[in-house]
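The values are calculated or read from the model by the stated rules, or taken from the named source; none is laboratory data. No experiment lies behind these values; they were computed from the predicted model shown. Cβ placement follows ideal geometry from the backbone for every residue including glycine, while neighbour counts extend to all protein chains displayed. SASA here: full protein model, heavy atoms, side chains in, ligands and nucleic acids out. Shrake-Rupley method; radii C 1.70, N 1.55, O 1.52, S 1.80 Å.
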Amino acid sequence: KIAPIAPIAPSWLDEIQLFAFVVIEMYNFIKLKRLFFNSTTILLLIKVSSIVVDSSSFPGCSIRHQLNQFGFYYGISSQTMGEITTTKKTKNVAAKGGGLKEEEDYHESIAKDVELWSRKMLNENDDSWNEVECAFKRKFNPRNETKQWIKWMKDSRFDTSTTTNSANEKRQRQQLYPCMKLRATIHAPYDVVCRYLSEEHRYKEYNSLLINHKDLQVLTPHSKICWSQTKKILFIQPRDFVTFCHHKWLRKQRQKKDTQLIVNQACDHHAIMPFSNDGRKILRAFALRGATYISEHPSDSEKTSIIMLAHCNCGYDIPEWAVRAALKVSAPIKPFEIINRINVGIQKSLKELQQQQHNEGVSIDSNNDQRTLHPAGMAQMGYACFWPKGGGKIIEEED
């Protein structure tokens, strides 16, 4: 499931549960000469402890809510956590297919929330953002067609209508994180740009931040949960990202081409644990929210317009002052470098891409007239998602 808010540090009770778990694992280590650290043992421990603990010890919160927060913090999905507290009646309903529809609706609601957030950000006056100039204009931005702005904002995934008694959550709600807004022009036709960015093997040609990625779960033909890893940036160690990604095509009558929209939000997944096999803690960063709009250039059909939004939390182990220091160095370089590399990479493979486009073209899925086979995806700031065979829905919009 998609986590609606950021992970909350364990309370004193959670730490007691974890301590008990460590004691058990130390016993296993001494007895069997190996250390078990997996979600099954954690779930068993939580199950036993939840029977003993009275929910009244958590003001305003239920045991199930606390268990879900505990599981999310330690890398266990809400779906898995729910299995230890779900009744048979609920499980039977899910088994009949009702749960799948509810889960799909949930993912769609997350995507819609992120889209509305992105439109709000883009409608803001650029004067309320701080413009960042390219540090190497001649190399990465010679035509001055790439513009970037930065704004420090709170994590918008938090539900501001609710209150919390957790000191850690209160601190996280007040924490500011950098959000990047970028507008650029790619010197290639729209269809060619979409095809290039959708091809997984090309992402390292333009995105030097990512060193690895994989799909964790395909949710629908147009959405998935992805894992990625970034390299070390200055004094910020390599980070893992787990991100929900969703794409669709926005169609307006006045436009000759549809606009590709990719939205993302940080989430959790049971396949990714916060510790590696050797017991070391994995450093996690969060692509809190983001959106990418790719469309045909309004005045030149041989060019493509791209708009990117990326709101990122570099990790709860890094203070804000350190992130600001790193951003001062990387922001004037990396985003501009990515756009420049996309331009260069497309020009190198232009004939190949045009031939592919000619051979395959773009059509509608014969099994579903609302889906297009148009390739989609790209590697953005902190995540990578690709749909080379399409699958995105076409959404009609008013002009």
Hydrodynamic radius of segment 294-357 per Kirkwood, over alpha carbon pairs, in Å: 14.8 Å
Quote the accessible area belonging to Ser208 in square angstrom, nearest 10, computed with a 1.4 Å probe and with ligands, DNA and RNA left uncounted. 30 Å²
Checking segment 163-240 for chymotrypsin sites (Phe, Trp or Tyr not before Pro) in a loop per DSSP with at most 13 other beta-carbon atoms within 10 Å yields Phe235
Could you state the number of Å between the C-alpha centres of segment 118-155 and segment 327-356? 17 Å
Please give me, ordered by residue number, the trypsin sites (Lys or Arg not before Pro) of segment 291-399 that lie in loop per DSSP and have at most 16 other Cβ atoms within 10 Å. Lys389
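Would you tally the net charge around Glu200, using a Cβ to Cβ cut-off of less than 13 Å, leaving Glu200 out, and scoring K and R as +1, D and E as -1? Could the numbers behind the result be given before it?
Details: positive: Arg195, Arg202, Lys204, Lys214, Lys224, Lys389; negative: Glu199, Glu205, Asp215.
Net local charge, Glu200 excluded: +3.
So what is the relative contact order for segment 178-330, in percent, with contacts set as C-alpha pairs under 8 Å and at least six apart? Write out the running numbers ahead of the final one.
Values: 290 pairs, mean separation 40.3, N = 153.
26 percent.
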Once the cut-off is 21 Å, how many percent of the Cα-Cα pairs in segment 219-341 end up in the long-distance tail? 52 percent
What does the accessible area of Trp387 come to, in Å² to the nearest 10, when a probe of 1.4 Å is used? 10 Å²
One checks the Cα atoms of segment 115-161 and finds Rg and Dmax, in Å, of 14.5, 48
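Within the set of other residues whose C-beta is less than 13 Å from the C-beta of Pro332, count the net charge using Lys and Arg as +1 and Asp and Glu as -1. Kindly include the intermediate steps, with their values, before the conclusion.
On the way: positive: Lys137, Lys139, Lys147, Lys328, Lys334; negative: Glu131, Glu133, Glu337.
Surrounding charge for Pro332 is +2.
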Relative contact order as a percentage, segment 282-351, C-alpha pairs under 8 Å and 6+ apart, gives 27 percent
